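The values are calculated or read from the model by the stated rules, or taken from the named source; none is laboratory data. Bear in mind the structure is a predicted one, so any value in this text is a computation, not a measurement. FYI the Cβ positions are ideal-geometry reconstructions off the backbone, even for glycines, and counts take in every protein chain you see. The protein model used for the area step is the full one, side chains on, heavy atoms only, and it has no ligands, DNA or RNA in it. Shrake-Rupley method; radii C 1.70, N 1.55, O 1.52, S 1.80 Å.
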Amino acid sequence: RCQCVAMLKASVGVVVVLALAASLGEATSFHAGHKILPQAPSDLLSRVRSVTRRGRRAGGDPSDPYDPYALASTQQRVVRVGDFPGGDPTGRTDSTDAILAAVAKCVNVSLVTPGRFPVGMRDAGGCAVDLGGGEYLISKAVVIPTMVANVRVQDGSLVANAAKWNNKTDPFVIQVGGTIPCHFPQGSCNVAIGFPNLFVDGSHVASAFQINSVMGTTIGPQTYVLNFTEYGIQANGGHELMISETWLGEVNFDFVFGPDYLPRATAIQINSNDHYIEDSIVFASLVGLDLRGAANLVTGLHVWFPLNRAREFNATAFQITGGQNRLIGCYVDCSRLVFHNPTSVIWDGGFMLGSTAYITGTKAERFQFINTEFAGGSIVIDRTSTALATESAGDAAPPTCDLPRNISGEQCEGLTADSAGNASPEACRQQCCNNPKCAIWQWCTGGDGCGCWLDADGSADPCGAVHSGGPWVGQAKPIPTIDVTDTRIENNIFSGDGKASRATKVLNFNASASNQVVTVNFCAVLVFPSITQVTYSLVGTSQSDADIGQATLWVAASNPCAVQGHVSSLAVDSRLTVSVDSSAYSPTCSYC
């Protein structure tokens, strides 16, 4: 790909020369003073004339819309579904035969045009299956076969016929590729496929789009995907699918989920690399974006949930398990954002409304979470191992209740009162066990603020020190160990107390303090509950004396997110500034 710019420039130049040379080959009115003819090599003119003759050879009729030899002289072909027998644009009767016939016309006029598309793909010449603003009921999938290029399906509605649809043979309403294995360079066997101005309705019997091994395929703009079973859009293999100005929901945005119908679908699942998602909306799905591939770019994606009940149904807005992905200017609306073992992942300029970002797994490497505004919520380490969404909320495994840490008497911040567990410690523990996200429970009786308190979503701060009131009893899940390298979480805005990967605190001391023990706890302000680096400085508060005193600090052995040490021999009132970092850094880190 390093030579792509030079190749593009060369291609543009050839196209211009071809166009001019073709004109010279047919016309006699050009003035010799233009000096264009001598600039076109004779062999190039010969090839242009040959292509023109092939387009007009015997048996080829440019006026015949289904003559494949007419492609050379045709800019665009439009195949109107309403012109085929059985095509009902009102959506009252099944139009499968008409839709499939229209698609077949576009596919069957395609030719292998050497040099136009790679690896021998057949060029349909920009053929467009035009729905003409109609709504068509179909009972079989619309399939663009492998090795076909330059086709569009556009301008109307495709609705799965729930009474006739067979999900086992046709799991998707629209399928591109996948009809034969694709073993060609770049893993791309379909090129220049488009789906603009479409409404696709799975009718709760089918998923919507499956895109396999493509390059240069576009969904949108103005595409609306509704009522899909498992996936709104699934991308497998290939690269550079573009999803733009598309809306997706497994149900309508006013649907009320409940025990009889739980959210179960994934709006967008990306299983391969180098794809683009921009300026799109997911308004109802168990998982908004499941990003499993690498080197993808997501900009301006907004994910929300009907009635803002995403947390109630364990729904997830963004789930990023692939590395080297960039997510810019995205909006998580009253839901969750999950990074699993984030590696070379950038989240920048986002907006989190009442939402929490979770980091799961055992490592964070070259991970940047920056310039994001939180209107409620925070960014935390998930201690429950359940942040990754299941394919269906209804299929989730029964919650286990592994709470090995005894935190009786400790102070735990960020807990939520749960009156259903107020009766006893056992009742409080059971409330925590009933919720797979719960990581901490604490209970006391007989005082103000007592009762049952839970870390209901795994986002509370680590417990420590001594709890006021009580006596308090409780248990907690263990704090996971995460290897953090070249990672920065900073420059974010929080409506409450926020967290970052590094932090600074300042302590003031009087000159009379000849020798004082220092303990600085950073647990409440660090995302990762550990400190890798400590730097500190001791200066006079009103003057810069050379001989102020001495300070010695180190990471506390009993608490990996705290610093301890001592100051001594203070000559003047002094200020101790302590900065800590949870990340280690490699010599090649450019932003560290």
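Brief remarks follow.
- Rounded accessible area of Thr266 (nearest 10 Å², 1.4 Å probe): 0 Å²
- Per residue, the accessible area of the stretch 172-262 comes to 35 Å² when a 1.4 Å probe rolls over the protein heavy atoms.
- Using a probe of 1.4 Å, the accessible surface attributed to Leu353 totals some 60 Å² when neighbouring protein chains are kept in position.
- Ser586/Leu307 FRET efficiency (R0 45 Å; Cβ-Cβ; nearest 0.05): 0.50
- Averaged over residues, the count of other Cβ atoms within 10 Å places the peptides 107-113, 344-350 in the sequence 344-350, 107-113, highest first.
- Over all other residues within a Cβ to Cβ distance under 9 Å of Asn314, the charged ones net out to +2, with Lys and Arg as +1 and Asp and Glu as -1.
- Spatially, the stretch 347-381 and the stretch 102-148 are offset by 42 Å when compared through their Cα centroids.
- Cut-off 15 Å (backbone N to label point 7 Å along Cα→Cβ of Ala556), residues of the stretch 508-536: 517-526, 529-532
- Protein accessible area in the stretch 123-280, 1.4 Å probe - carbon and sulfur %: 52 percent
- Paramagnetic label zone (point 7 Å from Cα along Cα-to-C-beta, Ser568; backbone N under 15 Å) in the stretch 518-538: 518
- Computed FRET value (nearest 0.05) for Ala524 with Thr481, which takes r as the C-beta separation and R₀ as 22 Å: 0.70
- In the context of the full protein assembly, Met147 retains an accessible surface of approximately 30 Å², using a probe radius of 1.4 Å and ignoring ligands and nucleic acids.
- Applying 1/(1 + (r/R0)^6) with r as the Cβ-Cβ distance of Arg116 and Ser579 and R0 = 45 angstrom yields a FRET efficiency of 0.15.
- Couplings for the stretch 566-578, taken from phi via the Karplus curve 6.51 cos²θ - 1.76 cosθ + 1.60 with θ = phi - 60°, read 7, 10, 8, 6, 6, 8, 9, 4, 9, 10, 9, 9, 10 Hz in order; Gly and Pro are left as x.
- Global form of the stretch 145-293, assessed from the alpha-carbon gyration tensor, a/c cut-off 1.5: prolate
- Prolate/oblate/rounded call for the stretch 145-214, Cα gyration tensor, a/c under 1.5 rounded: oblate
- Fully extending the segment from Lys168 to Thr445, taken as 0.36 nm per residue of separation minus the present Cα-Cα distance, adds 94.0 nm.
- Label-to-label distance, nm, for residues given as Ala104 and His183 (7 Å Cα→Cβ offset): 3.0 nm
- Extension reserve of the Tyr261-Arg405 stretch, reckoned as 0.36 nm per residue once the Cα distance is removed: 48.2 nm
- Protection proxy ranking of 271-279, 176-184, by the mean of other Cβ atoms within 10 Å over each peptide's residues and highest first, is 271-279, 176-184.
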